Ligand code: GRF
């Protein structure tokens, strides 16, 4: 698939500020990523990511856990939204929930997450803080496919971000964010161009077709 040939439809799942969503939308607008954001879905009705989407005219959905009897019912509602939007790829960008097994199964190899640390070190909600408290000198960004575990899926791309003397969680996270804004659009582009090949846990990036 070349950039000119076709675009993929993606859903972005976000619970918070949505700066990664913004970076992805901007890269799409600039013609760097052959994709369309068909849906922004959040579990948090107050997520600023939803405002960002609305401002760009992107369809939004809110699916709140409290409106469902249990977790599987909630996950089914999320899955219905994703399938209803007919998306090719699901992009988690600050989505603060573990994705249910039914969703992982339905989108295996077509669902990815960005994590603000070099996995498999420092998975979970506080990757930046945990790395800092551990005293690492280099942290970074990981984009990976999502499997049933917490931040355990096959790694697609990693970028290193040095820890600087006197860094706080905020200063380090700010620098990590800057790297995320490059890495996530790049990976979505590689996916859209059919250039990600998986063999077990190992993901290879195929060369650009000429
Ligand atoms: C990012 O740092 C991402 O790595 C993590 O959550 C943060 C989301 O930031 N999973 P934003 O909502 O995109 O600004």
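None of the figures in this text is laboratory data; all of them are computed from the coordinates on show. Here the structure is a predicted model, which means the values were calculated and not measured. Note: ideal-geometry Cβ built from the backbone for every residue, glycine included; neighbour counts use all protein chains shown.
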Checklist entry - Can you name the condition, by its number, that residue 201 falls short on among (1) more than 13 Å from the ligand (Cβ to nearest atom); (2) surrounded by 18 or more Cβ atoms within 10 Å (Cβ to Cβ); (3) more than 13 Å from the chain's Cα centre (by Cα)? => result (2)
Item to check | Residues satisfying the stated conditions in segment 17-45, i.e. touching a helix residue (DSSP H, G or I) at 6+ places or on another chain (Cβ under 7 Å), assigned to a loop (DSSP other than H, G, I, E, B) and within 15 Å of the ligand (Cβ to nearest atom) | outcome: 17, 18, 43
Checklist entry - Within the bounds of segment 48-57, is there any residue that is under 30 Å from residue 137 (Cα atoms), in contact with a helix residue (DSSP H, G or I) (Cβ under 6 Å, 6 or more places away or on another chain) and surrounded by 14 or more Cβ atoms within 10 Å (Cβ to Cβ)? => result no
Next on the checklist: List the strands (runs of 3 or more DSSP E) inside segment 105-172, counting only whole elements, that have at least 1 residues being within 12 Å of the ligand (Cβ to nearest atom) and free of Cβ contacts under 8 Å to residues at least 24 places away in the same chain.
Outcome noted: 155-162
Next on the checklist: Go through (1) within 14 Å of the ligand (Cβ to nearest atom); (2) over 15 Å from residue 184 (Cα atoms); (3) surrounded by fewer than 17 Cβ atoms within 10 Å (Cβ to Cβ) for residue 7 and report which single condition fails.
Outcome noted: (1)
Checklist entry - Hey, does segment 6-16 have a residue that's over 21 Å from residue 110 (Cβ atoms), part of a loop (DSSP other than H, G, I, E, B) and touching a residue at least 40 places away in the same chain (Cβ under 8 Å)? => result yes
